[in-house]
Amino acid sequence: MISDNAKKQIDSWIEKYPEGKQSSAVMEALKIIQKENNNQLTHDSIQAVADYLDMPGIAAAEVATFYENYNHQPVGKHIIRFCHNISCMLNGADDLISHLETKLGVKTGEVTDDGLISVKKVECLGACVGAPMFQIGDQYYENLTIDKIDKIVDGLK
Amino acid sequence: MNEVCFKNIDKDQCWSLTTYEASGGYSVWRKILKGEYTPEQIINELKTSGLRGRGGAGFPTGLKWSFMPRNAEGQKYIVCNSDEGEPGTCKDRDILRFNPHAVIEGMAIGSFVMDATVGYNYIRGEFIEPFDRFEGALKEAYETGLLGKNINGSEVSFDLYAHLGAGAYICGEETALLESIEGKKGQPRFKPPFPANVGLFGKPTTINNTESFASVPDIMAHGGQWFADLGVENSGGTKLFSVSGHVANPANFEVSMGMPFKDLLELAGGMRHGAKLKAVIPGGSSTPVLTAEVAMNMTMDYDGIDKAGSMLGAGSVIVMDDSTCMVEALTRLAHFYYDESCGQCTPCREGTGWLYRVLKRIMDGKGKAEDIDLLMGVQEKIMGNTICALGDAAAMPVESFLRNFRDEFEYYIEHGKSMVKG
Amino acid sequence: MLEIEIDGQLVNAEPGEMVIAVTDREGISVPRFCYHKKLSISASCRMCLVDVEGAPKPQPACSTPVADGMKIHTQNDKAKASQKAVMEFLLINHPLDCPICDQGGECELQDVAVDYGSDVSRFSEGKRIIAPSDIGPLIQTDMTRCIHCTRCVRFGSEIAGIMEMGGTGRGEDLKIEPFLKEGITSELSGNMIDVCPVGALTSKPFRYELRSWQMNSINSIARHDLVGSNLYAQTYKGNVKRLASGDNDAVNETWISDRDRFSYEGLTHDNRLLAPQIKVAGQWKEVEWDVALDFAVKGLKNNILNSRNVQKLGGLASATATTEELHLLQKLLREMGCENLDYRLNIKDLDNAIHLQSNIKLADLEHIDQAIVIGSNIRLEQPMINHRLRKAQLAGAGITTLNVKEFDFNYKTNDIIVAPNEIANTLAGVLRVLVEKSAEEVPAYLLAVTPCAQAIDIASSLLNSDKTVLILGEHVVNNAQAASIANLITEIAKLSNSLTLNLTVTANALGAQRVNFVPNSTGMNVNEMLAAEMRAFVLLDVYPEYDFHHLDEALNTLLNNDVFVISLNGFKNDLVAQYSDVMLPMAAMYETSGTHVNINHEMQSFSAAVGAPGESKPAWKILKVLADLLELPGFHYENSTQVLSEVAHQMTPVHEYDTAINLDKSTVEVETIWTHSPYHTDALLRHATSLRASKIGQINTASINAATAKSLSLSDSDTYLGVPVDITETMADQCVFISSNQATNTGAL
Ligand SMILES: Cc1cc2nc3c(=O)[nH]c(=O)nc-3n(C[C@H](O)[C@H](O)[C@H](O)COP(=O)(O)O)c2cc1C
Ligand code: SF4
Ligand code: SF4
Ligand code: FES
Ligand code: FES
């Protein structure tokens, strides 16, 4: 269930914490497993992480469902996480989200037919002076305009 | 401007160790390693500096550090709060990206003061670029022999690690943050016991905001008085203000405490398209909203904003012009707290959803005349009754929006549409 | 000692105490949901908010430590306003369907709502609904009613020692649920029903039956093990409908095992024996009591008394009987001059029987520093004793186990796996180390013993700890060196200053010992009786295929047409019907008054919670009338209490036993240890449907390691003695460990 490569990554996180506190690495471990499994967590993958870190399955499940960065439903290869909180809203985020939805033919929370992109409305991402903004993967895109969005989205493969 | 956390911001590769050291970085830490400081000296300088916690609550940092039982047996921890998630706030991200070594040195100094030989910087999960910068800086610091065990053959040890979040605003609350580092969901702990006694992994722990830590090296290098003099009484030093919303040039500005709001607005290029200022949230979404009139007469320091009827918070200034529908703005904030409540305590778990749903109903044109009293009643019942301050944070905007802009709410309820947007 | 003021009243408090502990002690009522005195503090429901003078915000009584001079108001406007606010929030998403809720009438939320909840109708935004889920056969969930107090979650991680329930999601979506697909499996799971303040977790076997106020609640004692947990039997129209845990810190604190909680279901099983029956010309006939008893008396007279061969009469009982029942049966037999009586039906060789005293108090178990557990899957076999050990371990005690198999404990143990024929030797090694450390001379039997590394470890752990206990479990009862193992433990205890706990006997075995339900030197024990030519038996609550170790011999003897058998049983049983001549239906657990003697030799008496079904009667009454009909003196009892006071006036007999230690190893190639799986240890349990459907109830495995399996030509798909084989590497060599929910199949052993 957990690849050797994933184990190596998880182990490097475990090292940061005191002995016996390996469950501190659960948040990263879940992310690592999620990345390897189409950006999605399943019951079994959560259990596998729990077993690997020697913690109860339910404790890992609590974490996996508490934090927003884990997905339990199918998502696109790229997830566009669009901030719609106050500063972004004041700067027109809602219109831009509508534009994006029309462009991709999906509503927020849905995946494009080709499985490439899904859009999610999220709370403040801590880049309010660059509003409106969204995140794709590890990358922030700020001061968005319709043109900018089109260019970014068209470049997604 | 830009005298402390941002002092190198215009330099090339401002985040590198070279740049940092060229401007005097790590000189304090090196002195500590040579035994040239005592913890008491550092605490005294911090007390003199008037540095107050930049994470929102404004608690004096020197005093906080003095609470740690530094001589107690066993492991103690120092933790940096880079979870930055309060709407309107985005300063710590820039500190991590542009001045990560200041955070490291600030934490190192704290670790020495409190005999906390292990530290964690909790960085919000979405901050990958800042995380990479911080990790890069950590690597440099380790390679240069500034961190580790018995650094440079001294008695001093400090190991520092970054921990990444995974998307939960509540983890900015310091005890939720500790739970999160322990690999649990981010549910705040009840207090007492306080982290200084029972913190991370059950050990004494001190938590400070990124900006608080990043301010410490310069305070020590130039003296507490120097820092205090940068600001005003009760609000020492400079402060990063994230100015966002309807301004021409939204950005983070490091300015002296006590600057009049109107000057800060000026710095941010004034109102965008010359629009009319309507309202200001001065310290992040959890702080009460102010009307233009009140804001324009306010100074940007703890007492100044307090006098105006709000709070300095994290220094996140959200500026709204007269095109803003206050019902919509509040609904968005209410949704945020509803979304981010950890759910453990009853008033917040049940009350935030209630507030949001009533507001949403008003936005849907189905408001009832009694809704305003209902909203007021519900926020009052949350206020002060919860484990952590998220409950209060959810309540305060409701109270202040309704108090300052009641007519807009009444209009929306009566007409089923926005007074501003139609 | 501090002094604080609560609602204007000065009261004393201990430093470090929480306000709620003080108000509870003083009888001042503060509403609460998340607080539970045996669980960690969560301070999350916010129901207990009170006004503390000087504090800007109301403070939760459950998590506010007292301070000298503190002034607290639990009822003033500020406190009331907060309590009312919290109540209102709790009710907005609660279904308020009390009339159809199983918890109705005993719901903490409902109780508090009556006092605090005004005006709940203001919420008109639609209530939260949680889809139903199945978490197993014992607990019914209705999570729409859940108030997220997390008592069940904390119970799991803190008491059951296995976190099964958790809170997933956040905010309003916070949902209390298990993660395991098989639901909740802990042996203590039913306590979640008791801790849940609302009707979110209720008893599944009980569901929808009744409202609590319709039922009577009677104190009783669970008799499936040596603990004798205190509980309440809740009854309605003559039936036990539900059991709930009682409070007794010296015994079970406030918890009971699932075994104790759900066994009552067996009481109403179709298989109850409901009428007296006599066998006439090979045919069973239901008859009136007087006819049946006459028949029994006649049988005894014809076969025994008239021919004065009372040495051919035997009395056997299972240890599930009450002390009074056992006393009356032994008195009845002895008054006739019969000394053939026994309750140790499961012992292979009574010359090799275990004699080991228990001298540690249950409550003291949690204060020990080091325990050595020998031959026990203590977690499932003795859940409440395990719970105490777990507390000790969490407080820092070391727990070493010496078993043939690695069992799954809910705390940290140091497991030593040894073959059955190595246990005595390992202990001898321990003893040798201890003897050498003491000034004593090494006895002859230890001269050839070289302590192994583990023995040395055990010895030093005993010497280096203050409070130590040696616990002997049921897997050893039929070990070829059982008596020596027990004697070694006694010696080790002496030299290491340890206390001992003997878990090789169960149910009310100590009651049987108390009334001397074993033969003196002139009589025969069970195995001798089975080998002798007998003419009559009186059997009390015996189910041969589960109770006898020597089943073949037992059936041989009992099925003999010349042997007249009187059986007292609560349940029908085919073999009993085959060998008996009279079957007398007796009351089962909770249907009779009586006394259980627990591991601390505490006599815990109980009254009948319900009447016995059909024509069945409490066995003490049956035995009394039988004695009267036999015209035996001294049976003029009007109630079981009189029987008990007779017992109380008798000395506990002291038997001499052989203290020799023999270290000759058994030469059997593959040793088999047969145990009943945990929910299968007595007739009532075997008829408790829901328990049997649970994961633990389903345990039925013969564990063997791969090498041994190979030598026996067994694979995972085979059975061994009729029990499915489980090949596991955490087993000792050359042995099979069986935990079975089937009839004992020891004939082949
Ligand atoms: C809901 C909530 C969110 C918070 N978020 C943050 C945050 O993102 N960053 C931060 O530094 N402090 C945050 N705080 C404040 C911290 O709890 C804590 O007071 C702070 O980190 C202490 O550091 P300081 O004394 O340096 O300000 C938050 C508090 C609450 C109640
Ligand atoms: S106030 Fe809200 S966020 Fe804070 S502990 Fe309570 S439920 Fe959680
Ligand atoms: S199920 Fe019951 S005990 Fe568990 S959290 Fe919900 S209300 Fe509390
Ligand atoms: S509000 Fe969008 S990034 Fe902060
Ligand atoms: S009982 Fe105190 S907060 Fe729940």
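Do we have any residue at all in segment C:160-175 that's of a type in the set (K, R), more than 14 Å from chain B (Cβ to nearest Cβ) and under 25 Å from A:Q47 (Cα atoms)? Taking every residue of segment C:160-175 in turn, none turns out to be of a type in the set (K, R), more than 14 Å from chain B (Cβ to nearest Cβ) and under 25 Å from A:Q47 (Cα atoms). None of C:I41, C:I28, C:I6 is touching a residue at least 60 places away in the same chain (Cβ under 8 Å), away from ligand 4 (no atom under 16 Å from the Cβ) and either within 14 Å of another protein chain (Cβ to nearest Cβ) or on the phi < 0 side of the Ramachandran plot (or both) except C:I6.
Regarding B:D229, is this residue more than 16 Å from the chain's Cα centre (by Cα) and buried (at least 24 other Cβ atoms within 10 Å of the Cβ)?
no
Looking only at residues in segment C:341-391 that are in contact with a strand residue (DSSP E or B) (Cβ under 7 Å, 6 or more places away or on another chain) and among the small types (G, A, S), the one that is farthest from C:T730 (Cα to Cα) is C:S358.
Look at (1) part of a loop (DSSP other than H, G, I, E, B); (2) touching a residue at least 12 places away in the same chain (Cβ under 8 Å); (3) small (G, A, S); (4) out of contact with any Asp or Glu (no Cβ under 8 Å at 6 or more places or on another chain) and you find that C:A55 fails only one, number (2). Of the residues making up segment B:284-308, just one is assigned to a loop (DSSP other than H, G, I, E, B), without any contact (Cβ under 8 Å) to a residue 60 or more places away in the chain and among the hydrophobic types (A, V, I, L, M, F, W, C), namely B:M298. Per the conditions (1) more than 8 Å from every other protein chain (Cβ to nearest Cβ); (2) closer than 30 Å to B:S316 by Cα; (3) part of a loop (DSSP other than H, G, I, E, B), the sole criterion not satisfied by A:L96 is (3).
Look at segment C:291-313: where a residue is assigned by TED's automatic domain parsing to the domain that holds C:P519 and a partner is aromatic (F, W, Y), sitting 6+ places away or on another chain with Cβ atoms under 6 Å, you get C:G299/C:F564; C:N303/C:F564. Among the residues of segment B:87-105, some residue qualifies, meaning at least one is within 14 Å of chain A (Cβ to nearest Cβ) and in contact with a Leu (Cβ under 6 Å, 6 or more places away or on another chain).
Would you check if A:E36 is more than 14 Å from chain B (Cβ to nearest Cβ) and under 16 Å from the mean Cα position of the chain (by Cα)?
Considered against the rule, which asks whether it is more than 14 Å from chain B (Cβ to nearest Cβ) and under 16 Å from the mean Cα position of the chain (by Cα), A:E36 comes out as yes.
On the given criteria, is C:E324 among the acidic types (D, E), touching a Gly at 6+ places or on another chain (Cβ under 6 Å) and over 18 Å from C:E253 (Cβ atoms)? Yes. Of the residues in segment C:331-354, at least one is part of a strand (DSSP E or B) and modelled with pLDDT of 95 or more.
Remark: pairs (first residue in segment B:160-172, hydroxyl-bearing (S, T, Y); second residue away from ligand 4 (no atom under 16 Å from the Cβ); Cβ separation under 6 Å; 6+ apart in sequence or on different chains) = B:Y161/A:K16; B:Y161/B:Y120. Here B:G343 meets each of (1) under 22 Å from B:D407 (Cβ atoms); (2) within 16 Å of ligand 5 (Cβ to nearest atom) with one exception, condition (1).
Residues that are assigned to a helix (DSSP H, G or I) and over 13 Å from the mean Cα position of the chain (by Cα) do occur in segment C:213-234, at least one of them. Considering segment A:99-130 alone, what residues qualify as being at pLDDT below 95 and within 11 Å of chain B (Cβ to nearest Cβ)? Of everything in segment A:99-130, nothing turns out to be at pLDDT below 95 and within 11 Å of chain B (Cβ to nearest Cβ).
Scanning segment B:23-68 for residues that are polar (S, T, N, Q) and closer than 17 Å to B:G236 by Cβ turns up B:N44, B:T48, B:S49, B:T61, B:S66.
Residues of segment A:131-157 that are in a loop (DSSP other than H, G, I, E, B), away from chain B (no Cβ under 11 Å) and either more than 25 Å from B:H335 (Cα to Cα) or not polar (S, T, N, Q) (or both): A:L144, A:G155, A:L156, A:K157.
If you filter segment C:583-625 down to residues that are among the aromatic types (F, W, Y) and within 17 Å of the chain's Cα centre (by Cα), you find that the one that is nearest to C:Y264 (Cα to Cα) is C:Y590. A single entry from B:G270, B:G284, B:G202, B:G258 fulfils the requirement of being out of contact with any Phe, Trp or Tyr (no Cβ under 6 Å at 6 or more places or on another chain), under 22 Å from B:A108 (Cα atoms) and not hydrophobic (A, V, I, L, M, F, W, C): B:G202.
The values are calculated or read from the model by the stated rules, or taken from the named source; none is laboratory data. Remember, predicted model here, so these are calculated numbers, not experimental data. Cβ: placed from backbone, ideal geometry, glycine included. Neighbour counts: every protein chain shown.
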